[in-house]
1. Which residues, counting only those in region 330-359, are in contact (Cβ under 8 Å) with a residue 12 or more places away in the chain and either assigned to a helix (DSSP H, G or I) or not assigned by TED's automatic domain parsing to the domain that holds residue 267 (or both)?
2. Please verify whether region 375-383 includes one or more residues that are in a loop (DSSP other than H, G, I, E, B), modelled with pLDDT of 95 or more and not assigned by TED's automatic domain parsing to the domain that holds residue 50.
3. Quick check on my filter: what residues within region 215-234 are among the acidic types (Asp, Glu) and surrounded by 13 or more Cβ atoms within 10 Å (Cβ to Cβ)?
4. Can you tell me which of (1) crowded, with 19+ Cβ neighbours inside 10 Å; (2) over 22 Å from residue 384 (Cα atoms) is the one residue 242 doesn't meet?
5. For a quick check of your reading: which helices (runs of 4 or more DSSP H) sit entirely within region 49-149 and have at least 1 residues that are over 28 Å from residue 216 (Cα atoms) and of a type outside the set (Asp, Glu)?
6. So for region 302-313 (the condition being in contact with an Asp or Glu (Cβ under 8 Å, 6 or more places away or on another chain), in contact (Cβ under 8 Å) with a residue 12 or more places away in the chain and more than 20 Å from residue 247 (Cα to Cα)), does at least one residue qualify?
7. Residue by residue through region 318-335, note down the ones that are surrounded by fewer than 23 Cβ atoms within 10 Å (Cβ to Cβ), out of contact with any strand residue (DSSP E or B) (no Cβ under 6 Å at 6 or more places or on another chain) and under 11 Å from residue 237 (Cβ atoms).
8. Only one of (1) touching a Cys at 6+ places or on another chain (Cβ under 8 Å); (2) outside any helix (DSSP H, G or I) is not met by residue 401, so which one is it?
Amino acid sequence: MAAIHSDDVASAPQADQQATPAWPRDIPEPGGPLRVLFLADAHFDDIPGGSRVVARELARELIGRGHDVTFLVARHAPGTPDDCVLGGARVIRYSGAGTPLAFLRQGRRACAKLWAEKPFDIVHTHFAYAALGPLRAVPRGTPRLRSFYGPWDAEGWIADADKRRKRLGMLKERVKRTLRHTVEGANLKRGHGVVVLSEHSRREVLSFGYPDKDIHLIPGGTDVDRFTPARSRADVRRALGLPEDRTLLLSVRRLAPRMGLDNLIKAMPAIVARRPDALLLIGGKGPEREHLQRLIDQNGLQNHVRLLGFIADNELSGYYQSANLFVLPTLALEGFGLVTTEALACGTPVIGTPVGATPEILSLLDPRLIAAGTQPADLAQAVLGFLEGDWADALTPARLHRFVRDHYTWKRHADAVERLYQSLVRTARGKRAIVYSKGPPDARPK
């Protein structure tokens, strides 16, 4: 979220305030199609990322069921259209992301304009800061749902570690973290419910003082038609230009400090000592690339570790299919881990650290897939234990794909979210009906 530049977010509550209407113009029929507004920092097509995958796939499922979904997002690249359709969803982009007050003002105005066209039945926020402006234009009484993917303040604190090395940098980052935590907590409390993807995330939401009864655990999903085991791993490797005669380890992550990729690289000498054919492929881009390349060079691992750069979405399944093992070396803040279920759906076992939601998924398959810790020695031991252990033979591609299909599909995710939408809308409709029965208030729509 660096592109949004939220340093001055403390002044946001005073930005361009305007009274909002008290009543939506219509009330949806029970169980009928809904008009849903997604508030997000970006659309996946603009900036790929885990939370944006969830929003995109949920939108696709809802649209397939007859609902109307609109994304209201910040513009991150010049020239992108203000109003377009992506994957069946309408996408509205607004400018101002570089200046907090302008960002909030433009977000409110864009939302007000959308609402004037035709009101929405429910507002679903996917990122707290992205909702600050738009929610000012949402009428009171409109159901509001929040999907919580991780604590914004903690993620920023870890990502900005280098900035804290100077004295003034430390002070600025502490202030920024406090402001982000305040914005996150305020946004949570404005919602009528919160969706989390894991028990780990549930605990994080509880830490904000949010009531447990309004937290809904709905695990993330995977496209099990797209992410499937390969008929021939050798054919996939040939198509990708990968060696057919080596043990391939794969990790696909943003190249950021909390992802633990430096520890995975440091684990490779121990792995290579016993498995000379091992080759680690790391897909992704980010600020740690130069640091990771130096580690590779310093440890003489040029023939055993490759930085692939960004892997296009349409090539991702092929890389999963080509690997003997996927490794998730996360150090902190793993709210779910879509790459875990995607790799498993492709029939590739996953070794992960005991961080965040990773144990919730892998322990259902085999606890030995969870490393003892996050350090290089822990990762090396877990990887070698898998490669050299007989127990791994039971984790066949068919079994792994079936596991994901039975537990983690976007259909299951959307089923639960859709039921939650309908419940919130029914509750809101009932409250409006009670007030209407007492006589039309001044704010009642004409």
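The values are calculated or read from the model by the stated rules, or taken from the named source; none is laboratory data. What you are looking at is a predicted structure, and each value in this text was computed from that prediction instead of being measured. In this analysis, Cβ positions are derived from the backbone assuming ideal geometry, glycine residues included, and neighbour counts consider all displayed protein chains.
1. If the condition is that a residue be in contact (Cβ under 8 Å) with a residue 12 or more places away in the chain and either assigned to a helix (DSSP H, G or I) or not assigned by TED's automatic domain parsing to the domain that holds residue 267 (or both), then 338, 339, 340, 341, 342, 343, 344, 345, 358 are the ones that fit.
2. Yes, there is a match, as at least one residue in region 375-383 is in a loop (DSSP other than H, G, I, E, B), modelled with pLDDT of 95 or more and not assigned by TED's automatic domain parsing to the domain that holds residue 50.
3. Correct list: 223 only.
4. (2)
5. Hits in region 49-149: 100-117.
6. Taking every residue of region 302-313 in turn, none turns out to be in contact with an Asp or Glu (Cβ under 8 Å, 6 or more places away or on another chain), in contact (Cβ under 8 Å) with a residue 12 or more places away in the chain and more than 20 Å from residue 247 (Cα to Cα).
7. If the condition is that a residue be surrounded by fewer than 23 Cβ atoms within 10 Å (Cβ to Cβ), out of contact with any strand residue (DSSP E or B) (no Cβ under 6 Å at 6 or more places or on another chain) and under 11 Å from residue 237 (Cβ atoms), then 318 is the only one that fits.
8. For residue 401, the exception is condition (2).
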